Amino acid sequence: MPNYTFSVNGKTVTVDAPADLPLLWALRDKLGVKGPKYGCGINVCKACTSHINGKAVNPCVVPVADAQGKEVTTIEGLADGDILHPVQQAWLEQDVAQCGYCQPGQIMAAVALLKRTKKPTDADIDAIENVCRCGTYFRVRKAIKRAAELMGG
Amino acid sequence: MGTPTRRQILAFLVAAPTLTIAVNLTGDEPTAEAAIPTPPAPADLIDLGELLILAAAPTSNMLILTVESDGMVTLQLPREEVGQGITTATAMLVAEEMDIPLSQVRVRLDDARPELLFNQLTGGSNTIRAVYEPVRRAAAAARTRLVAAAAARWDTEASSLRTQEGEVVSLDGLHISFGELAVEAANTALSVGSPALKPESEFTLIGKATSRIDARAMVTGTQQYTLDLDVPGALPTMVRRPPSINGTVRSVDNAAAVRAMPGVVDLAVIQTGVAVAAETFGQALDATRALKVTWNAGTVDSESDATIKKKLRAAALPFVVPPLLTQHVDAEFDFAFASHAPLETNSAIADVRADRAEIWAGLKSPIVAQQTIAQELGLSEDAVKVHVIQGGGSFGRRLFFDSALEAARISKAMKRPVKLMWSRIDDMRHGRARAASHHKIRATYALGNVLTFEHRVASVETDFRHGLGEILTAMAANLPVGGNLSFAQTVFLTTIKSPYNFGVTTQLLNEVPLKMHTGSWRSVYSANTRGAEEIMVDELARKLGKDPVAFRREFLKTDKQRAVLNKVATEGKWGQSLPAGFAQGVGFHEEYKSCTACMVTIDARDTKNPRVVKAVIAADYGRPINPRGLEAQLLGGLTDAIATTLRAGLHLDRGLPLEGSYSQFHYARQKDSPTDVKIFIMPPNGEPGGAGELGVPAAVGAIANAYARATGIAPRSFPINFPVDFEPFPR
Ligand code: FES
Ligand code: FES
């Protein structure tokens, strides 16, 4: 089997995996990085949302080979040690999570959005497709707006 | 048999002939005068939640609370957390009663504890109602012992000491932490007075908006769900399932080729399909897809939406009041199947050995799971250890332990530990669903009053074989109704009641048994049954020339009910003028001693693509423990109602749902949810009522009513917009 080397949350890793193995399973089953969640496997639910080179991707449909040489960031890599990212901070302030299962994906999607636009409109937030089966959307919306404030947007 | 069959349970129920109860009718007296009073329904006398509390009572004080020498207090909670916030609420109870900071309380979910009998079932919105007093009692007992230990140490009277912030404090300023006293307090020789509960008037934490105790774990990705656990050797495992519900394997035609696929470790035929274990889930999924299997027929292959609708219509019981005698409104409603679709699909880890087994899964009825799995494996119950893992959503789904049982079978067949995950497609198609239902409602009226209100519900049978049966059987003597009731009718009668004075009111259920996978879905029968009734209330108001809010105000039974209605009408500016295509709608619901009103504004300029743009909700829970968590539950209930009223349902086609993912089962997304939501929790006025399910039915009514007012289209079939707007996945 081929080897792929890339960084995950700042650490260089090498995995031995078939080229077409979805990155989600390389992360979860081979590297023990369990933050990104499976919810559909076909780029619909967005529970697995993570970043590659700073952009939101869905590792359930990204072959591990595509990560070669790149920087992968998952929810575990967002905080700086004990210091939470402002989006995580806003999530705590709004007490967004219910079951929490979708929230790593929601947060990673929000971080990517706030990178693209400092002050997201309701329409920008509506465009986030991440499913929250617990129905926390309104708190997600408030938390994104609050995070924008915290980030000086 | 670990689980009695339906037949056995019926037999038990019939065998308990004394179905009477001396009921103390608490709550405020009916105050509506003009309206024709409706006598209390069974659910007014005793509701399902109270039955569950009664059943749990004999073991309700068998709670385990530990004080460690570092001052941390751990409560072992015999319930399942799936997002509803019960670990936070119970931690608050402990912190309040012990006078310790919330951060010093941990809540662990108990493993299956068969000695708890009926006291380990998470359903019927019963958790807080059932543990409110027992948890405080346990905490008070611990606090009393700690004070006694300090009194002994300082050689003083316990009555002269008080507790604050995790310490015992004396009059002359001595103080010592609970942690330091933990060992001495455990001394059985210690003389301890009888613990008294803190009076509710002295609560400082209970009733205060509090953030979840697990929020940080959730935002940092460290919260562990079943599949995140590292159980040594447990291999990723998936199952190839049949092309229709309950189909079985006739033959596997390419087993050797699949075994030779990269990463594949083992393969086994089980009752529910063909299981493949592999090094990664990606490889297990590829292998299940590559399998060539010949299948035997399923159990509902000849059923589709149309055949089921026909059966349901035929099954609805007749009305008593004939039409034409007086003025009346008749209406019929249909509700499609709805997937529970928790974001974490069915999953479980099982390690089955020759003489013992260990299971990890999100389980709301772990004792029944343990009994059933032990039976299945031919082991004694105490040889099967069942760990309850926090779940990624449930909405009723995790009352059943299908994945735990399946994982146990696979582990036994493969002789290795397995980590089983259902694919999303399987979870939607072969998982469970809220049963489709048909509703006939007739109301008669004269001289501005409603004389009769009859509701006949026909539903595909809802499966309650997750331990509720044994509980209802044991509690049969407490039911305020007699006769040969099925389980479902018992559940129906102990959950469904009308909050209005509509004269003679009858609500009856008849079921169509079909061999498919159903299960209680948040609020069991109420979302459909009470949702449809709230639509009828609006239609009655129209007939009588009254405003929907004013009409409800007139016919609701109590001031407590009217207070939540008035709150949303005021806060939501009921009656304000809106542009064409927009409208407000209102709904009310009461269950498990709590009540709520919901008011929404809908934008239905595009009738095929409406959006709820605003919602105002008020709820009275008697004794709110954590208003912030209750608001979250109401928000979730609102979103569930938006989804299932407007767009989300399952189409059954020749024995299989067509929907296989969220791109097809249209559970609401951010773009479907309101940008303005206000939620009000009424101040405390009694004991805690049910919380987790309350929000759905009122919101269903409000949304449907708003849609009708905005479009002039009376909604009769739900979801309202329900085309097959996708290419179904292959079977
Ligand atoms: S699991 Fe990746 S989008 Fe659903
Ligand atoms: S918090 Fe449960 S799915 Fe979003």
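The values are calculated or read from the model by the stated rules, or taken from the named source; none is laboratory data. Values in this document were obtained by computation on a predicted structure and should not be read as measured data. We place every Cβ from the backbone using ideal geometry, glycine too, and count neighbours over all the protein chains shown. When the accessible area is computed, the model is the full protein with side chains, heavy atoms only, and any ligands, DNA or RNA have been set aside. Shrake-Rupley method; radii C 1.70, N 1.55, O 1.52, S 1.80 Å.
Any idea which of B:Lys560, B:Lys567, B:Lys573 is assigned by TED's automatic domain parsing to the domain that holds B:Arg623, of a type in the set (Lys, Arg) and assigned to a loop (DSSP other than H, G, I, E, B)? Quick ask: steps written out before the conclusion?
Working: B:Lys560 fails: assigned to a loop (DSSP other than H, G, I, E, B); B:Lys567 fails: assigned to a loop (DSSP other than H, G, I, E, B).
Exactly one residue qualifies, and that residue is B:Lys573.
Given the criteria more than 8 Å from chain B (Cβ to nearest Cβ), more than 16 Å from ligand 2 (Cβ to nearest atom), out of contact with any Gly (no Cβ under 8 Å at 6 or more places or on another chain) and not small (Gly, Ala, Ser), does A:Val64 qualify?
Answer is yes for this residue.
Sort out which residues of segment B:169-204 are among the aliphatic types (A, V, I, L, M), modelled with pLDDT of 95 or more and open to solvent by less than 30 Å² (accessible area, probe 1.4 Å), and write them in order of number.
B:Val169, B:Ile176
For segment A:106-138, give me each residue that is in contact with a helix residue (DSSP H, G or I) (Cβ under 7 Å, 6 or more places away or on another chain), part of a helix (DSSP H, G or I) and facing chain B (nearest Cβ under 7 Å).
A:Ile107, A:Ile125, A:Asp126, A:Tyr137, A:Phe138
For the subset of segment B:298-326 comprising residues that are small (Gly, Ala, Ser) and within 16 Å of B:Leu652 (Cα to Cα), which member is most open to solvent (accessible area, probe 1.4 Å)?
Within segment B:298-326, the match that is most open to solvent (accessible area, probe 1.4 Å) is B:Ser302.
Go through segment A:17-52 residue by residue and tally those that are out of contact with any helix residue (DSSP H, G or I) (no Cβ under 8 Å at 6 or more places or on another chain), on the phi < 0 side of the Ramachandran plot and more than 8 Å from chain B (Cβ to nearest Cβ).
Selection size over segment A:17-52: 2.
May I ask you to verify whether B:Thr163 is touching a strand residue (DSSP E or B) at 6+ places or on another chain (Cβ under 8 Å), outside any helix (DSSP H, G or I) and not acidic (Asp, Glu)?
Details: touching a strand residue (DSSP E or B) at 6+ places or on another chain (Cβ under 8 Å): yes; outside any helix (DSSP H, G or I): yes; not acidic (Asp, Glu): yes.
So B:Thr163 passes the test.
Quick check on segment B:124-136. Is at least one of its residues over 30 Å from B:Arg465 (Cα atoms), open to solvent by 20 Å² or more (accessible area, probe 1.4 Å) and touching an Asp or Glu at 6+ places or on another chain (Cβ under 9 Å)?
No: segment B:124-136 contains no residue that is over 30 Å from B:Arg465 (Cα atoms), open to solvent by 20 Å² or more (accessible area, probe 1.4 Å) and touching an Asp or Glu at 6+ places or on another chain (Cβ under 9 Å).
Of all the residues that make up segment A:40-57, how many are surrounded by fewer than 24 Cβ atoms within 10 Å (Cβ to Cβ) and within 16 Å of ligand 2 (Cβ to nearest atom)?
The total comes to 1.
Restricting to segment A:28-39, and then to whatever is without any contact (Cβ under 8 Å) to a residue 40 or more places away in the chain and open to solvent by less than 20 Å² (accessible area, probe 1.4 Å), can you tell me which residue is farthest from ligand 1 (Cβ to nearest atom)?
My answer is A:Arg28.
Which of the residues spanning segment A:56-98 are of a type outside the set (A, V, I, L, M) and within 16 Å of ligand 1 (Cβ to nearest atom)?
Within segment A:56-98, A:Asn58, A:Pro59, A:Cys60, A:Pro63, A:Asp66, A:Thr73, A:Thr74 qualify.
Could you tell me whether any residue of segment B:210-217 is under 23 Å from B:Thr345 (Cβ atoms) and open to solvent by less than 10 Å² (accessible area, probe 1.4 Å)?
Checking segment B:210-217: not a single residue is under 23 Å from B:Thr345 (Cβ atoms) and open to solvent by less than 10 Å² (accessible area, probe 1.4 Å).
At least 2 residues that are without any contact (Cβ under 8 Å) to a residue 60 or more places away in the chain and under 30 Å from A:Glu76 (Cβ atoms) in each: list the helices (runs of 4 or more DSSP H) lying fully within segment B:172-269 that qualify.
Correct list: B:215-220.
When both residues are 6+ apart or on different chains and their Cβ atoms are under 6 Å apart, which pairs have a first residue that lies in segment B:633-644 and is more than 7 Å from every other protein chain (Cβ to nearest Cβ), and a second that is open to solvent by 10 Å² or more (accessible area, probe 1.4 Å) and not in a helix (DSSP H, G or I)?
Qualifying pairs under 6 Å: B:Gln633/B:Ala691; B:Gln633/B:Gly692; B:Leu634/B:Ile679.
Filter segment A:105-153 down to the residues that are open to solvent by less than 10 Å² (accessible area, probe 1.4 Å) and of a type in the set (D, E, K, R), then identify the one that is farthest from ligand 2 (Cβ to nearest atom).
Across segment A:105-153, the extreme among qualifying residues is A:Arg141.
How about segment B:186-211: which of its residues are within 9 Å of another protein chain (Cβ to nearest Cβ) and more than 15 Å from B:Val94 (Cβ to Cβ)? Before you say what the answer is, go through the steps one by one.
Restricting attention to segment B:186-211, the residues satisfying the condition of being within 9 Å of another protein chain (Cβ to nearest Cβ) are B:209-211.
Correct list: B:Ala209, B:Ser211.
Of all residues in segment B:368-418, which are at positive phi and of a type in the set (D, E, K, R)? Break it down stepwise before answering.
Of the residues in segment B:368-418, the ones at positive phi are B:378, B:393, B:395-396, B:415.
Result: B:Lys415, single match.
Please find, within segment B:325-343, the residue that is farthest from ligand 2 (Cβ to nearest atom) out of those that are hydrophobic (A, V, I, L, M, F, W, C) and over 23 Å from B:Ile535 (Cβ atoms).
B:Leu325
Return the residues of segment B:710-721 that are out of contact with any helix residue (DSSP H, G or I) (no Cβ under 8 Å at 6 or more places or on another chain) and either open to solvent by 50 Å² or more (accessible area, probe 1.4 Å) or at pLDDT below 95 (or both); say none if nothing qualifies.
Hits for segment B:710-721 are B:Gly712, B:Arg716, B:Ser717.
With the condition kept exactly as written, say whether any residue in segment A:74-97 is open to solvent by 60 Å² or more (accessible area, probe 1.4 Å), within 16 Å of ligand 2 (Cβ to nearest atom) and either away from chain B (no Cβ under 11 Å) or of a type in the set (Lys, Arg) (or both).
Scanning segment A:74-97, I find no residue that is open to solvent by 60 Å² or more (accessible area, probe 1.4 Å), within 16 Å of ligand 2 (Cβ to nearest atom) and either away from chain B (no Cβ under 11 Å) or of a type in the set (Lys, Arg) (or both), so the answer is no.
Could we say that B:Arg162 is outside the structural domain of B:Phe395 (by TED's automatic domain parsing) and at pLDDT below 95 here?
In short, no.
Please return the ranges of helices (runs of 4 or more DSSP H) entirely within segment B:41-140 where 3 or more residues are in the same structural domain as B:Ile213 (by TED's automatic domain parsing).
B:86-98
Any residue that is under 22 Å from B:Ala404 (Cα atoms) and out of contact with any Leu (no Cβ under 7 Å at 6 or more places or on another chain) - is there at least one of those in segment B:312-323?
no
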